[in-house]
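First comes the structure, then the notes that go with it.
The values are calculated or read from the model by the stated rules, or taken from the named source; none is laboratory data. All figures in this text were calculated on a predicted structure; none of them were measured in a lab. So basically every Cβ, Gly included, is an ideal-geometry build from the backbone, and we count neighbours across all protein chains shown. When the accessible area is computed, the model is the full protein with side chains, heavy atoms only, and any ligands, DNA or RNA have been set aside. Shrake-Rupley method; radii C 1.70, N 1.55, O 1.52, S 1.80 Å.
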Amino acid sequence: MMRKILLLLLLFFFLSDCYSLEKFTSVFDEIELPYGVSFVDEDKYEIAYFVYRNKNDVSIIWEGSGIIPRLTTFYEDKDFVFVEFYLLWIGSEVTIKNDCRKLYKYFVKINKKDILSKKEKILIESPKIILHDKQNISINNNLDNKYFFTNKTSLMYKNPDKQSEIVRKIYNNEKLELLDISYDKVGNVWFKLKYNDYAGFIMINDISEQWTVIKNEMSKIEQ
């Protein structure tokens, strides 16, 4: 009998713990909105700006040219807020010589105490580089940072999902204009691209690592 009572008590405490883990007040219900914080690297250089306006309006902002940001994941538990985002570097008016276009993936863990204390800057870890251009940029290149090429015959989809409607077939080495970055349910990265009068999604693996570029308005390249 005592053994049964003990087991019931253990079960009760286990379920209580599970319930308490699931039930917590969002930190954003405790502060004045909108909330914003700067994500910085070890040199205190701003990588991106995170903004929470309401539960349906959360974003990553890049103030300036040359970067396309995309928030992919946002959630919180009892103690932390978790943010995952991509930054696609496509070049800007001031570019380091021999630097190349890159796609970075960041994962940030924010302590809720830092949000409640209105900390203005959050130090984040080094990113994972997903894909980078192996072609060096020099001052003599005629660049256009909006264009990419396919590395094989590929299918363009209506949505970032191989089960969605096929827009058309894109043949190897076709030039496509970049419209946006997206992702699917399992975390695969997709580019939204324009081809002639068609627009749709192609997986990043189908985009050439030699991100050949055609035209740009770069006014300065730092040595």
| query | Can you name the residue in segment 203-222 that is under 17 Å from the mean Cα position of the chain (by Cα) and not in a strand (DSSP E or B) and, of all such residues, is modelled with the lowest pLDDT? | reply | Asn205
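Listed here are the residues, each with its yes/no results for (1) within 30 Å of Thr25 (Cβ to Cβ); (2) surrounded by fewer than 16 Cβ atoms within 10 Å (Cβ to Cβ); (3) at pLDDT 90 or above.
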site: Leu103; (1), (2), (3): no, no, no
site: Ile110; (1), (2), (3): yes, no, yes
site: Lys113; (1), (2), (3): yes, yes, yes
site: Pro127; (1), (2), (3): no, no, no
site: Ile139; (1), (2), (3): no, yes, no
site: Phe149; (1), (2), (3): no, no, no
site: Phe201; (1), (2), (3): no, no, yes
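Can you find, within segment 162-175, the residue that is surrounded by the most Cβ atoms within 10 Å (Cβ to Cβ) among those that are part of a loop (DSSP other than H, G, I, E, B) and either in contact with a helix residue (DSSP H, G or I) (Cβ under 6 Å, 6 or more places away or on another chain) or at pLDDT below 90 (or both)? Give the derivation first.
Just the residues of segment 162-175 that are part of a loop (DSSP other than H, G, I, E, B), to begin with: 162-165, 171-174.
Next, from what is left, pick out any that are either in contact with a helix residue (DSSP H, G or I) (Cβ under 6 Å, 6 or more places away or on another chain) or at pLDDT below 90 (or both): 171-174.
Working: Tyr171: 9, Asn172: 12, Asn173: 13, Glu174: 16.
Filtering first and then ranking leaves Glu174.
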| Elements of type strands (runs of 3 or more DSSP E) contained in segment 24-81, each with 3 or more residues being open to solvent by 30 Å² or more (accessible area, probe 1.4 Å), at pLDDT below 90 and farther than 15 Å from Asp114 by Cβ | 67-76
| query | For segment 181-199, how many residues meet the condition of being exposed (fewer than 15 other Cβ atoms within 10 Å of the Cβ) and under 21 Å from Arg70 (Cα atoms)? | reply | 4
| message | As an exercise: evaluate His132 against (1) in contact with a strand residue (DSSP E or B) (Cβ under 9 Å, 6 or more places away or on another chain); (2) at pLDDT 85 or above and give the number of the one condition it does not meet. | response | (2)
| request: Could you please let me know if Leu178 is modelled with pLDDT of 85 or more, under 26 Å from Phe74 (Cβ atoms) and open to solvent by less than 20 Å² (accessible area, probe 1.4 Å)? | output: no
